[in-house]
Amino acid sequence: MYTYNYSYDPDFLGSTSAATTAAAGAGIIAGIGTFFMIMLILAWVVLVIIAEWKIFTKAGKHGWKSLIPIYSDYTMLQILNMEPLLCLLMLLPGANFMLKIVMQVRLAHSFKKGTGFAIGLILLSPIFEMILGFGSAKYTQLPSAK
């Protein structure tokens with residue numbers, strides 16, 4: 001019959017070596033860092049959603065329309081006085097990129113902002129959308145681009 005040896009076994013899973021403690025500490029720190037990063041990203045997303053809501057409201061549209069992905073592009077094309085069916089180009093790679101650039105330039109001009117602001121909207125759109133949404137800029141309808 002086999003008798004179990006209850007002596008110290010360094011390979012036992014319950015051992016608390018320095019490496020195990022350090023790994024646990026690193027895991028906890030990584031978890032906390034990940035949590036705070038996710039919270040920061042969520043706060044940023046909420047601010048951008050509110051800014052787009054305010055831009056839509058300033059343009060005389062319902063703010064909730066900015067929450068629905070394709071419909072928000074459709075409504076933005078209406079705000080910019082462009083052909084709303086251009087939102088179908090958003091489904092094509094490359095064409096969507098070019099259309100977004102044109103939309104950002106027209107958005108800047110519809111709020112009486114210059115080319116520098118348009119470049120800011122292209123490169124750092126969330127920040128410049130917050131400036132438009134929360135700032136004192138007034139919307140003016142552009143001539144038709146149809």
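The values are calculated or read from the model by the stated rules, or taken from the named source; none is laboratory data. The structure displayed is predicted, hence computed values, not measured ones. Here the Cβ is made from the backbone with ideal geometry for all residues, glycine too, and neighbour counts use every protein chain on show.
Tabulated results
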| read-out | value |
| --- | --- |
| Selected residue (criterion: surrounded by the fewest Cβ atoms within 10 Å (Cβ to Cβ)) from residues of segment 93-124 that are more than 17 Å from Leu142 (Cβ to Cβ) and touching a Leu at 6+ places or on another chain (Cβ under 9 Å) | Met98 |
| Some residue of segment 133-146 being among the hydrophobic types (A, V, I, L, M, F, W, C), crowded, with 19+ Cβ neighbours inside 10 Å and modelled with pLDDT of 90 or more | no |
| Qualifying position, being farther than 15 Å from Ala51 by Cβ and in contact with a Pro (Cβ under 7 Å, 6 or more places away or on another chain), among Gln141, Gln78 | Gln78 |
| Conditions (1) in contact with a helix residue (DSSP H, G or I) (Cβ under 9 Å, 6 or more places away or on another chain); (2) aromatic (Phe, Trp, Tyr); (3) surrounded by fewer than 18 Cβ atoms within 10 Å (Cβ to Cβ); (4) more than 19 Å from Leu47 (Cα to Cα): number failed by Trp64 | (4) |
| Subset of segment 121-141 [small (Gly, Ala, Ser) and over 17 Å from Trp44 (Cβ atoms)] | Gly135, Ser136, Ala137 |
| Qualifying residue in segment 31-47 (condition: assigned to a helix (DSSP H, G or I), touching a Phe, Trp or Tyr at 6+ places or on another chain (Cβ under 7 Å) and either surrounded by fewer than 16 Cβ atoms within 10 Å (Cβ to Cβ) or in contact (Cβ under 8 Å) with a residue 40 or more places away in the chain (or both)) | no |
| Subset of segment 79-88 (residues that are crowded, with 17+ Cβ neighbours inside 10 Å and either in contact with a Lys or Arg (Cβ under 6 Å, 6 or more places away or on another chain) or assigned to a helix (DSSP H, G or I) (or both)) | Ile79, Leu80, Leu86, Cys87 |
| Test: residue in segment 28-50 that is at pLDDT below 90, under 23 Å from the mean Cα position of the chain (by Cα) and closer than 24 Å to Pro143 by Cα | no |
| Residue match in segment 13-25 (condition: among the small types (Gly, Ala, Ser), modelled with pLDDT under 95 and touching a Phe, Trp or Tyr at 6+ places or on another chain (Cβ under 8 Å)) | no |
| Hey, Lys61 in a loop (DSSP other than H, G, I, E, B), modelled with pLDDT of 70 or more and charged (D, E, K, R) or not | yes |
| Given (1) part of a helix (DSSP H, G or I); (2) touching a helix residue (DSSP H, G or I) at 6+ places or on another chain (Cβ under 8 Å), number of the condition Phe97 does not satisfy | (2) |
